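Rule-based calculations on the coordinates, nothing more; no lab input. None of the values given here were measured: they were computed from a predicted structure.
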Amino acid sequence: MARHEGNGPRRNDAKRAICAALVIVLLAAFVAGGVFSIRQLGGLPWEAMGRAVVSTAKDGGPSESDGTVMPRAEVEKDYPKVVSPVDYNSNGADDYTDIVKGARADAEAAPTYDDGYYQGGYPPDDRGACTDLVWRAFRAAGYDLKAMVDADVAADPASYHAVASKPDPNIDFRRTGVLDVFFAKYGQSLTLDPADHEAWQGGDIIVFRHVKHIGVVSDKRDRNGVAYILHNMGQRQRENDYLTFRTHMTVTGHYRFDASKVPESVLKAWR
C-alpha cells in the first residue's frame, strides 16, 4: 500500500504532462487551421504561399548589385531580346517592352490582393489580383484587354464555355481560365519548360494550372538564366524567381501575344 501511495504523485504528474501536450497539439492545429482559412478566404493561391511571401532579393527588388539577377549585358548577349513587330500605342516602344513596363508598374505599386467582384469590372487602383496585373500591363501597350475579352467571348462563347459557362463582363477578364483561352487563341504557344531559357522572353504570358494563376514574364533573369515572373499572389516581392521555387504551381500555358491574329472586331484600344 505504501508503494501505491508513493506512485500517486508521479502518476498525476504524468497525466498532467500528457494533458498539457494534448492542449499544445490542439492549439497548434487550431492556429494552423485559422491561417489556412484566412489565406483561402483571401483568395491567395495556397500552393504558392510557401516561399512567395519572401524574396531572394532585397526589399528594393531583384537587382544586379545584390547578385540575384543576371547582368543586363550578359542577358542581351546570351538571350537576345524578342521585339514585337507592333507598337500599338505608337509610343516608340514595341508591345512587349510596354507590357513588361506596365506589369512592373503594377508589381511595384503592390496593390492589396483582391479578387472580388466589382460592378463595371475594374477594382480600385490600389487593389487587384493576378489577372489585374495582366490587363494593366496590356493597358500600358495601348490595349483594352477587358473590351477585347468581352468582344471575343460574345463572338465565340463556345470556346469559353468550360471557363465561363455564364458570361459576365464584370468578371470574365479577371478569370485566369478565360485569359488562358484568349491568349491561346491570339498568341504563339511556347515551351512550358523554364529550363529552355531563351524561349522565355519579357512580355510573354505565363499560366499556372489552367485556371489558378497568371503572370507576365519579366525581362530580368536569375544568375542561371531562368526568367523572373511579374505576378500578384499577394506576396511582398512581385517580381521574383518563382519558376525556381521548390514547389511552384505547374506551368500549363506560355504565350506570346500576336496582335496580327486578333480580328478587327475584337481588337480594342484603351481610351
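Here is how the numbers come out for the structure above:
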{"quantity": "Rounded, prolate or oblate (a/c below 1.5 giving rounded, otherwise prolate when a/b exceeds b/c) for the stretch 62-127 by Cα gyration tensor", "calculated": "oblate"}
{"quantity": "Lysine pairs meeting the criterion (Cα under 23 Å, 8 or more apart or interchain), as found in the stretch 118-271", "calculated": "11"}
{"quantity": "Nonlocal amide H pairs with Ser84, under 5 Å, H built at 1.01 Å", "calculated": "Asp95, Tyr96, Thr97"}
{"quantity": "Percent of C-alpha pairs per 5 Å bin, the stretch 160-271, short to long", "calculated": "2, 11, 20, 23, 19, 13, 8, 3, 0"}
{"quantity": "Values of log10 I(q)/I(0), in the order q = 0.21, 0.28, 0.30 Å⁻¹, for the stretch 187-246 under a Debye, Cα-only, solvent-free model", "calculated": "-0.81, -1.42, -1.56"}
{"quantity": "Calculated Rg and Dmax of the stretch 119-162 using C-alpha coordinates, Å", "calculated": "11.8, 34"}
{"quantity": "Stretch gain in nm, segment Ala269-Phe245, where the contour uses 0.36 nm per residue and the Cα spacing is subtracted", "calculated": "5.0 nm"}
{"quantity": "Percent RCO, i.e. relative contact order, over the stretch 110-257, from Cα pairs under 8 Å lying at least 6 residues apart", "calculated": "24 percent"}
{"quantity": "Phe257 long-range amide H proximity, modeled H, under 5 Å", "calculated": "Gln188, Ile205"}
{"quantity": "Relative compactness, the stretch 52-211, computed as alpha-carbon Rg over 2.2 N^0.38 Å", "calculated": "1.11"}
{"quantity": "Rounded to whole Hz, the Karplus (6.51, -1.76, 1.60) HN-Hα couplings of the stretch 168-174, x for glycine and proline", "calculated": "8, x, 6, 9, 3, 6, 10"}
{"quantity": "Under-5 Å amide H pairs with Tyr143, H placed in peptide plane, nonlocal only", "calculated": "Trp270"}
